[in-house]
1. On a full-extension model of 0.36 nm per residue, what is the gain between Asp41 and Glu21, subtracting their alpha-carbon distance, rounded to one decimal in nm?
2. Can you give me the long-range amide H partners of Asn52? Hydrogens built in the peptide plane at 1.01 Å from N, cutoff under 5 Å, separation of 5 or more residues or another chain.
3. Relative contact order of region 3-141: what whole-number percent is it, with Cα pairs under 8 angstrom and at least 6 residues apart?
4. List every residue whose amide H lies under 5 Å from the amide H of Val72, counting only residues 5 or more places away in sequence or on a different chain, with H placed 1.01 Å from N in the peptide plane.
5. Positive end of the dipole of region 1-52, charges at C-beta (+1 Lys, Arg; -1 Asp, Glu), about the Cα centre: which of Pro20, Ser45, Val4 has its Cα farthest in that direction?
6. Spelling out what I want: for every residue of region 42-49, take phi, set θ = phi - 60°, compute 6.51 cos²θ - 1.76 cosθ + 1.60 (Karplus), and round to whole Hz; glycine and proline get x.
7. For the pair Ala106 and His62, how long in nm is the line joining their label points, each one 7 Å along Cα→Cβ?
8. Rounded to the nearest angstrom and ordered from largest down, what semi-axes does the equivalent ellipsoid of region 3-141 get from its C-alpha gyration tensor (root of 5λ)?
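FYI, it's all coordinate maths here, none of it is from the lab. The shown structure was predicted, so the numbers you read here are calculated from the model rather than taken from an experiment. Cβ: placed from backbone, ideal geometry, glycine included. Neighbour counts: every protein chain shown.
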Amino acid sequence: MTSVLVLNGPNLNLLGRRQPEVYGATTLAEIEAMCRDHVADWGWSCDCIQSNHEGALIDAIHATIGHHDGLVINAGAYTHTSIALMDAIASVEVPTVEVHLSDIHAREPFRHVSYIEKVALAQICGKGPKGYVEALDLLKTHLETEGM
Ligand code: DQA
């Protein structure tokens, strides 16, 4: 069975109450349920992990080897700082799509830089929770055209 990992980084556990004017009212549990439901229609499975710790995110990326065919990642603020996360994604060679709820390019200049972008198939931002669904659709197209 095709399997994907949806990985969320720091502070995203607080979605729904965290700066709703920036990130919206949808909780992380609701986003994860949306992702699971979306891929279930294709007969895929979806694991969802959130961590506030960079090392735990790296471990989760490493653990995709042999278990997951694709990765959707919102690395939160580590997006803008973490060469280690970028290296982890490059090391496992699992097709990856980067997601952000907000439009990072329309915000503070320090959010315009993404290390994840350098190793991802695509970056989706500014679309709210729908961005995760769009990322899964992109992965599906990629896996169907490039093979598993
Ligand atoms: C975010 C954007 C990041 O700049 C920020 O640090 C986050 C959330 C987003 O989903 O819009 O934590 O990744």
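1. On the way: separation 20, 0.36 × 20 = 7.20 nm, distance 3.16 nm.
4.0 nm is the gain from fully extending Asp41 to Glu21.
2. none
3. Details: 250 pairs, mean separation 37.2, N = 139.
Across region 3-141, relative contact order equals 27 percent.
4. Leu5, Val6, Leu7, Val97
5. It is Pro20, whose Cα lies furthest towards the positive end.
6. In residue order, the calculated couplings are 9, x, 9, 10, 9, 9, 10, 10 Hz.
7. Result for the modelled spin labels: 3.9 nm.
8. Numbers: eigenvalues 82, 67, 37 Å².
Each semi-axis is √(5λ); the values are 20, 18, 14 Å.
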